[in-house]
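Q: After the structure tokens below, expect a handful of questions from me.
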Amino acid sequence: MSEQTSESHLRDSWLLLNAEKKSSLQWIIAAFSVVFGVWHILTNLVLNEPGLWQNAIHFAGFAFLAATVYSAFGTHSGKRWAIHLDVCYGLLVAFAALWVAGSESRIYEDTLAVTGQSWQFNAVDWFAGGVLLFAAVDLSRRVSGWVIPILIITSLAYILALGEHLPGVFRTASLPLNDVMFRTLYNDEGMFGILASISSTNITLFMIFGGFLVVSGASDFVIEMSKMVAGRIKGGAAFVAVLSSALTGTISGSAIANTASTGVITIPLMKSNGFRGRFAGGVEAAASTGGQLMPPIMGAGAFVMASYTSIPYSTIVAVSVVPAILYFLSVAFIVRIEAMKYDVGSDQDLSIDKGKIISGGSTFVIPLGVMIWLLMSGVTPSYAASWAIASLVIVSWLNFLAAKVLNRDDFKPQVMNPKRVAEAFMMGIRASILTGVLLVAIGIMNNAIVTSGIGNGFSLMIAQWSQGSVVLAIVLIGLASLFLGMGLPVTAAYIILAILCAPALAGIMADKLIVAQLVEGITNPAHSALFLLVDSPHVAKITEGMSLENAQALMSSIPFEIAVTLRPALIDTEQLTTYLLIAHLIIFWLSQDSNVTPPVCLAAFTAAGIAKSPPMATGFQAWKIAKGLYIVPLMFAYTPLISGNLQEVLQLGFFALFGIYALNALMQYYAEGPLQLWHVPLLVIGIIGAFWPLNWAANIAGAIFVVLTVMLSKRNARQATFEKVVT
């Protein structure tokens, strides 16, 4: 048993450089991961492979690593025969991916030469395609569990045979096997299409950049800076968790990785300062979840969003800054209330290691600044990430030379020598295996959804069930994201929901512009004629105008297929694009709730393991603390937080802070001191006023009511303390 445990641990450490003695095979795989990381930089900067070849090589490498590192043999994974089988299997999948990439032109030529017949595959083509489909199912199972494999199998069965037997909007014609195979392998929506490009051109490079930041000591700088900022605030240990997770989110973009990396420091720190274990774990999980919302990396979501909406990545990052700040401050508010309510966090030892700040500061700030500047200047994310990596290496050597000159004991920068560079590449590649496999595997489902048209059917269902209500549509999407998130990684859940629900949600929000036109009257004959196919008594009043109620009734009676045609004709393209971005952001935010929402909340469970607290209780605390995941998406839908100018966005964000604090105070029934019953209506009025979009009078009045209640609660706390001292 001890031998198996040791071998299993050794299998997990194949992509780590450490003092353990490695076998020749392990060194080869470690060296391959470094070379593979270098290739990702070169292919995005200087090499000129076609997209199919780039994505096929990308998957070939990660399939080999996934098959090797994530063994299929469980407790027997350390056995020699198991290692050999996994390595051979990984090489077979890699060969199949390269064969498919090299066969595209020949398959076109063979098919065009045989008029009237379907795609012409030879025996090796069928074998290679079959291996890739099997590997997509098997490797996604190894890295993420059974949900994605089941969805892949179901989606293939749906377009091959199952769809023609289903009723209503889910009915679709069956396709021949060779047509499905070709579309799955070569379509832009398939395995080596858009989603694979997102992983090969952007996500992997940002993961590698994160590896360089960690190895260079930038992550230590993040923790120490958080201590410096939060050290003088009551409950400062918990604020360290919030700040460090926000900053680490700019590096990792992964809630679980964020929890594991910063939680080992912040959770014991919070517990030592008097915070309950489950609360400490909940704070870390909620704050780490926000790491995926924090620009510029935002997990893989921003890259997927940019590809699906054709909106520049820099635009998505820019509009996400204020919402991310709102989320982290919402977590900070409940930390403050908890500290005041239970009188914890006063006796703190947040000693700061100035050496780590000096040594890691420039390697964090300068490369990140270079990347953000390049992104804002309009270059591709892969180009920006590559140069950020280069700048980090240069800065580390400049720091090393400066340390030699200054000869200070506390200035010991982590120079990026060849060993550390190799460690950084291996760390980035290891972190990218999950997305490298999943985004290719999800391409199978994506192709089935696009080919069958079920996405339109699902959008129609959302539109019908919500009855034109944005809130109801968001609730339905939130429930769907929660169920999907129980078995899927956040990025996978977002992609599936974005494909199925984003068009419907964007359409529902855009329809209010058409309702406004119907109220005024649509005099353009070409536009008014579009409504002739609608079966509604209100159609006769289109040119002269109608009441708001009649306009809403008319819109709700328009079939989904006709509404899709109406919107581009009646609404400006830029406005439609904005609504599509808002829909994607809402879905992206809601997809994060699976990290912190029981019964399956992996970030919270990770934090519970560190805090040694009950996992489910920690999950409920995390869900309670992370309520910003639901508040901010509603602001996306009902305010110009995304579409407004800078002054409007700042106004909305500033006054929303008062509303968010008041909501937290109501939930805790505590602010700076205990609340009384008559304080509740004051807070409710404050919430309404604070969230009222772009109304200065209401906003200022709401803020005043919230501040007044806080002051009254603080007076209650002083009185309670005085009475306690007297007695």
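The values are calculated or read from the model by the stated rules, or taken from the named source; none is laboratory data. Not measured: the values here are computed from a predicted model. Don't worry about glycine lacking a Cβ; one is built from the backbone with ideal geometry, like all the others, and counts go over all protein chains shown. Please note that ligands, DNA and RNA were not included when accessible areas were found on the heavy atoms of the full protein model with its side chains. Shrake-Rupley method; radii C 1.70, N 1.55, O 1.52, S 1.80 Å.
Q: Quick one: if the Förster radius is 60 Å, what FRET efficiency do I153 and M711 give, using the C-beta to C-beta distance and rounding to 0.05?
A: Once the sixth-power term is evaluated, E becomes 0.50.
Q: Pairs to check: K21/K79; K271/K412; K354/K624. Give those whose C-alpha atoms are more than 25 Å from each other in this structure.
A: Result: K271/K412; K354/K624 exceed 25 Å.
Q: Excluding ligands, DNA and RNA, what is the solvent-accessible area per residue of segment 31-85 at a probe of 1.4 Å, expressed in Å²?
A: The answer is 43 Å² per residue.
Q: Rounded to the nearest 0.05, what FRET efficiency do T573 and V87 give with R0 = 41 Å and r taken as the Cβ-Cβ distance? Could you check?
A: That gives a FRET efficiency of 0.20.
Q: Could you give the spread of the C-alpha atoms of segment 352-404 along their three principal axes, from largest to smallest, in whole angstroms?
A: Result, largest extent first: 36, 23, 13 Å.
Q: Could you work out how far apart the two model spin labels at F73 and I562 are, taking each label as a point 7 Å from the Cα in the direction of the beta carbon, and quote it in nm?
A: It works out to 6.4 nm between the two label points.
Q: Of the accessible area of the chain, with the probe set at 1.4 angstrom, what percent is carbon plus sulfur?
A: 66
Q: Nearest 20 debye, what's the magnitude of the dipole of the chain about its Cα centre given +1 on Lys and Arg Cβ and -1 on Asp and Glu Cβ?
A: That gives a dipole near 2200 debye.
Q: Which value, in nm² and rounded to one decimal, describes the direction-averaged projected area of the C-alpha convex hull of segment 663-710?
A: 2.9
Q: Among Q647, Q467, N273, whose Cα lies farthest out toward the positive end of the dipole of the chain, if unit charges sit on the beta carbon of Lys, Arg (+1) and Asp, Glu (-1)?
A: Selected residue: N273.
Q: Here's a follow-up. Please work out how much accessible surface T315 shows to a 1.4 Å probe, ignoring ligands, DNA and RNA, in Å² rounded to 10.
A: Probe radius 1.4 Å; accessible area of T315 about 60 Å².
Q: Sticking with this structure for a sec: Residues of segment 374-412 with the amide nitrogen closer than 15 Å to a label point 7 Å from the Cα of K354, along Cα-to-Cβ, please.
A: 407-412
Q: Please work out how much length the chain gains when fully extended from R718 to A390, using 0.36 nm per residue of separation minus the C-alpha to C-alpha distance, in nm with one decimal.
A: Length gained between R718 and A390: 112.5 nm.
Q: If N is the number of residues in segment 423-554, what value comes out of its Cα radius of gyration divided by 2.2 N^0.38 Å?
A: So segment 423-554 has a normalised radius of gyration of 1.47.
Q: Continuing with this model, one more query. Testing the spin-label approximation: label points 7 Å from Cα along Cα→Cβ at A173 and W27. State their distance in nm.
A: Output for this residue pair reads 6.0 nm.
Q: Please arrange M305, M228 by accessible surface area, largest first, computed with a 1.4 Å probe and ligands excluded.
A: My answer, sorted largest first, is M228, M305.
Q: If you build the convex hull over the alpha carbons only and average its shadow over all orientations, what do you get for segment 595-680? Give it in nm² to one decimal.
A: 7.8
Q: So, one more: DSSP loop (so not H, G, I, E, B), at most 16 other Cβ within 10 Å: list which trypsin sites (Lys or Arg not before Pro) in segment 99-171 pass both filters.
A: Sparse-neighbourhood loop trypsin sites (Lys or Arg not before Pro): R171.
Q: With N set to the residue count of the chain, report its C-alpha Rg divided by 2.2 N^0.38 Å to two decimal places.
A: For the chain, the normalised Cα radius of gyration comes out at 1.02.
Q: What would the Debye formula give as log10 I(q)/I(0) at q = 0.11, 0.15, 0.24 Å⁻¹ for the alpha-carbon point model of segment 624-727, no solvent?
A: Those come out to -0.38, -0.63, -1.20, one per q.
Q: Quickly work out the Q676-to-F483 label distance, labels modelled 7 Å from Cα along the C-beta direction, and quote it in nm with one decimal.
A: It works out to 4.8 nm between the two label points.
Q: Leaving out ligands, DNA and RNA but keeping every protein chain, what accessible area does V564 have, in Å² rounded to the nearest 10, with a 1.4 Å probe?
A: Around 70 Å² of this residue is reachable by solvent.
Q: Taking 0.36 nm per residue of sequence separation and subtracting the Cα-Cα distance, how much length would be gained by fully extending the chain between E549 and F411, in nm to one decimal?
A: Length difference between fully extended and current span is 42.8 nm.
Q: Taking only protein heavy atoms and a 1.4 Å probe, what accessible area per residue, in Å², does segment 322-400 have with all protein chains in place?
A: 42
Q: Here is a further query. Find the Cα radius of gyration of segment 572-621, compare it with 2.2 N^0.38 Å by division, and give the number to two decimals.
A: 1.70
Q: Given only helices, namely DSSP H runs of n ≥ 4 each adding -39500 (n - 2.57), what is the per-residue ellipticity at 222 nm of the chain, to the nearest 500 deg cm²/dmol?
A: -24500 deg cm²/dmol
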